[in-house]
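Coordinate-derived values only; no laboratory data. If you're wondering where the values come from, they're calculated on a predicted model, not measured in any experiment. So basically every Cβ, Gly included, is an ideal-geometry build from the backbone, and we count neighbours across all protein chains shown.
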Amino acid sequence: MATEQEDDESGHTESGRINRDCNTLKRANRESAEKTLAAKKQAKQKPWIQSETFEMIEKKRECKRDSEEHKELKTKVRKMLRQD
């Protein structure tokens, strides 16, 4: 009786045959997927933050943090970011 480590009649170990069969299945699966499934082309993405929003962010940074103007700009920037 042959164990996993011993060679069978063809000279291959059982684990070697299993690995070879698994690799063959993987390769066949990958090749058939490449033939049948088209690769998706990713569309170019535009920058998600517009230049006006960046300008508003810079204005907010220049203001004193506890000022009323800073609070207003903070609200406007958040609103603009949601829209972008």
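Observations, loosely collected:
- Environment charge of Glu69, counting only residues whose C-beta is closer than 11 Å and scoring Lys/Arg +1, Asp/Glu -1: +3
- The packing ranking, built from the mean of other Cβ atoms within 10 Å per residue, places the peptides 48-54, 20-26 in the order 48-54, 20-26, highest first.
- Listed by chain and number, the lysines whose C-alpha is less than 28 Å from the C-alpha of Lys40, apart from same-chain residues fewer than 8 away, are Lys26.
- Summed residue charge, Cβ within 11 Å of Ser51's Cβ, Lys/Arg positive, Asp/Glu negative: -4
- Counting only lysines at least 8 places from Lys71 when in the same chain, those with an alpha carbon closer than 22 Å to its own are Lys59, Lys60, Lys79.
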